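The values are calculated or read from the model by the stated rules, or taken from the named source; none is laboratory data. Here the structure is a predicted model, which means the values were calculated and not measured. Every residue, glycine as well, gets a Cβ built from its backbone with ideal geometry; the counts of neighbours run over all protein chains shown.
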Ligand SMILES: [Zn+2]
């Protein structure tokens, strides 16, 4: 065989291998609640948002990887379904529909979810995790450790993770970045600071391109511009470093950055029940 034809044969094999590894990946955005914030300075320790209010969305996501389904964050607890807003409270959470109700619209039962990925331990991200008790829990090791501490950190509710923390469900504590399916299509990205084990998620889609789901590295886009660090974050310096990583990565990958709590970012993904592909 001549060298050129050998090269062509090798190139063909390589292309076939790459095509074989390009798994079918889909991404749905679910509505997992809203939270009205009375004083937006509760999201800036330098008073960037004096006099401002804001309604945050609480989103969660379903990712299909070939025949497997993963959920990323599980929103507010179902106990807040149709909860009336308490205008006197600094943060007013409510939920319009549960995750199982929304999964039904795309023909999925909760048992179809085999992986629950959690960005961090706050109650508005682990609220409905216990609806998927047989799934494997992927979560930052530092956050899992913090949930065993006494006193508990701010807004951490271990009971919401009872299937794994108390009943022996499968848990994989994550340190560093984590390639979830082993083919680079879905990656948990370590971005500590909001909590000790906070994560964002990178999802690579064939048509849409890369999508970065922010976790709570920021809660709305403006925080990236003026370094809005919530006073309840566990580490200010780590928070700024993680915000820097998130913004730089979005730019370098030309990724769609979806800030999970930013209602303006809802439009960046197709409206449920349509999926991004
Ligand atoms: Zn949150």
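The table below gives the values:
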| read-out | value |
| --- | --- |
| Lone qualifier among 124, 143 - being within 16 Å of the ligand (Cβ to nearest atom), assigned to a helix (DSSP H, G or I), farther than 15 Å from residue 234 by Cβ and in contact (Cβ under 8 Å) with a residue 24 or more places away in the chain | 124 |
| In segment 28-79, residue surrounded by the most Cβ atoms within 10 Å (Cβ to Cβ) [restricted to those that are in a loop (DSSP other than H, G, I, E, B) and free of Cβ contacts under 8 Å to residues at least 40 places away in the same chain] | 52 |
| Sole exception among (1) at pLDDT 95 or above; (2) within 27 Å of residue 231 (Cβ to Cβ) for residue 183, by number | (2) |
| Selection count where residues are within 14 Å of the ligand (Cβ to nearest atom) and in contact (Cβ under 8 Å) with a residue 60 or more places away in the chain, scope segment 86-117 | 2 |
| Cβ-Cβ under 8 Å pairs, at least 6 apart or on other chains, segment 246-271 side more than 16 Å from residue 225 (Cα to Cα), far side outside any loop (DSSP other than H, G, I, E, B) and modelled with pLDDT under 95 | none |
| Any chance residue 246 is in contact with a helix residue (DSSP H, G or I) (Cβ under 6 Å, 6 or more places away or on another chain) and under 29 Å from residue 146 (Cβ atoms) | no |
| Residue that is at pLDDT below 95 and surrounded by fewer than 24 Cβ atoms within 10 Å (Cβ to Cβ), where the choices are 156, 142 | 156 |
| Tally of residues being over 17 Å from residue 72 (Cα atoms) and under 19 Å from the mean Cα position of the chain (by Cα) across segment 156-174 | 3 |
| Matching residues, segment 211-227, being buried (at least 18 other Cβ atoms within 10 Å of the Cβ) and either more than 14 Å from the ligand (Cβ to nearest atom) or in a strand (DSSP E or B) (or both) | 211, 212, 213, 222, 224 |
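Let's see how each residue does on (1) out of contact with any helix residue (DSSP H, G or I) (no Cβ under 6 Å at 6 or more places or on another chain); (2) under 29 Å from residue 107 (Cα atoms); (3) part of a helix (DSSP H, G or I):
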{"position": "233", "(1), (2), (3)": "no, no, no"}
{"position": "240", "(1), (2), (3)": "yes, no, yes"}
{"position": "257", "(1), (2), (3)": "no, yes, no"}
{"position": "260", "(1), (2), (3)": "yes, yes, no"}
{"position": "266", "(1), (2), (3)": "yes, yes, yes"}
{"position": "272", "(1), (2), (3)": "yes, yes, no"}
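Rundown of residues vs (1) surrounded by 22 or more Cβ atoms within 10 Å (Cβ to Cβ); (2) within 16 Å of the ligand (Cβ to nearest atom); (3) farther than 24 Å from residue 69 by Cβ, yes/no style:
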{"site": "181", "(1), (2), (3)": "no, no, no"}
{"site": "239", "(1), (2), (3)": "yes, yes, yes"}
{"site": "252", "(1), (2), (3)": "no, no, yes"}
{"site": "268", "(1), (2), (3)": "no, no, no"}
